[in-house]
1. Inside the stretch 7-21, can you point out the residues that are among the hydroxyl-bearing types (Ser, Thr, Tyr) and either under 13 Å from residue 96 (Cβ atoms) or assigned to a loop (DSSP other than H, G, I, E, B) (or both)?
2. Can you pull out the residues in the stretch 66-99 that are within 18 Å of residue 8 (Cα to Cα), of a type in the set (A, V, I, L, M, F, W, C) and surrounded by 15 or more Cβ atoms within 10 Å (Cβ to Cβ)?
3. May I ask you to list the residues in the stretch 65-83 that are touching a residue at least 12 places away in the same chain (Cβ under 8 Å) and hydrophobic (A, V, I, L, M, F, W, C)?
4. Can you name every residue in the stretch 79-122 that is touching a helix residue (DSSP H, G or I) at 6+ places or on another chain (Cβ under 6 Å), closer than 12 Å to residue 21 by Cα and not aromatic (Phe, Trp, Tyr)?
5. Could you count how many residues in the stretch 22-35 are surrounded by 18 or more Cβ atoms within 10 Å (Cβ to Cβ) and either among the small types (Gly, Ala, Ser) or not in a helix (DSSP H, G or I) (or both)?
6. Write out, first by first residue and then by second, each pair whose Cβ atoms fall under 9 Å of each other, whose residues are 6+ apart or on separate chains, and whose first residue, in the stretch 84-110, is in contact (Cβ under 8 Å) with a residue 24 or more places away in the chain and farther than 24 Å from residue 5 by Cα while the second is assigned to a helix (DSSP H, G or I) and of a type in the set (Phe, Trp, Tyr).
7. Residue 47 - would you say it is more than 20 Å from the chain's Cα centre (by Cα), at pLDDT below 70, outside any helix (DSSP H, G or I) and over 30 Å from residue 7 (Cβ atoms)?
8. If you go through the stretch 57-65 one residue at a time, do you hit one that is closer than 30 Å to residue 8 by Cβ, surrounded by 12 or more Cβ atoms within 10 Å (Cβ to Cβ) and modelled with pLDDT of 75 or more?
Amino acid sequence: MPDPATVTVLPTPEAIAVVVVGIFSSIVVPIAVRTLKKPFPGLEAAGEPPTWKQRLLTSITRYLGPGMTALGYVLAAVIVAGFLVAFFDLHFYTHRDAMIAGFAWESLWNKAKESNSKDAGAAGGKAPRKNKLINSVDA
């Protein structure tokens with residue numbers, strides 16, 4: 001454990017960069033899982049099994065979309081990291097802490113998106129309906 005008198009806060013630009021790395025590490029994990037899964041119907045239909053590079057590129061494209069969408073992810077990650085560090089005045093003492101903050105933020109965001117898509121899917125692709133009693137009172 002480091003001496004508390006000698007511990008320094010990471011500079012803001014460095015903290016933002018490490019939070020961005022954490023965000024992208026959270027994105028890389030699902031891509032790696034998809035790459036390791038077997039079924040790649042588009043690639044395996046060609047007759048020979050796909051190489052790991054083909055599987056990786058297919059997984060990245062499925063997850064992030066085409067090039068401009070991936071660029072949007074980069075810009076969004078930088079904006080979110082800057083917002084988290086500057087707006088909340090976060091101070092990180094180690095690179096590990098900053099990376100965990102980025103990883104946790106992206107994981108939270110993905111869980112929220114999954115939760116919303118499950119709610120919409122349960123309602124037949126539509127947003128959940130409000131209670132009729134509440135609607136009649138409002139009217």
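1. The first filter runs over the stretch 7-21 and keeps only residues among the hydroxyl-bearing types (Ser, Thr, Tyr), leaving 8, 12.
Once the filter is applied, which keeps residues that are among the hydroxyl-bearing types (Ser, Thr, Tyr) and either under 13 Å from residue 96 (Cβ atoms) or assigned to a loop (DSSP other than H, G, I, E, B) (or both), the stretch 7-21 yields only 8.
2. Across the stretch 66-99, the qualifying residues are 85, 90, 92, 98, 99.
3. Listed by number, the residues that qualify are 77, 78, 80, 81.
4. The answer is 81, 95, 98, 99, 101, 102, 106.
5. So the answer is 2.
6. Every condition considered, the pairs that remain are 84/105; 102/24; 106/24.
7. In short, yes.
8. No, that holds for no residue.
The values are calculated or read from the model by the stated rules, or taken from the named source; none is laboratory data. Since the structure is predicted, the reported quantities are computational estimates derived from the model, not experimental observations. As a convention, Cβ positions derive from the backbone with ideal geometry for all residues, glycine included, and neighbour counts pool all protein chains shown.
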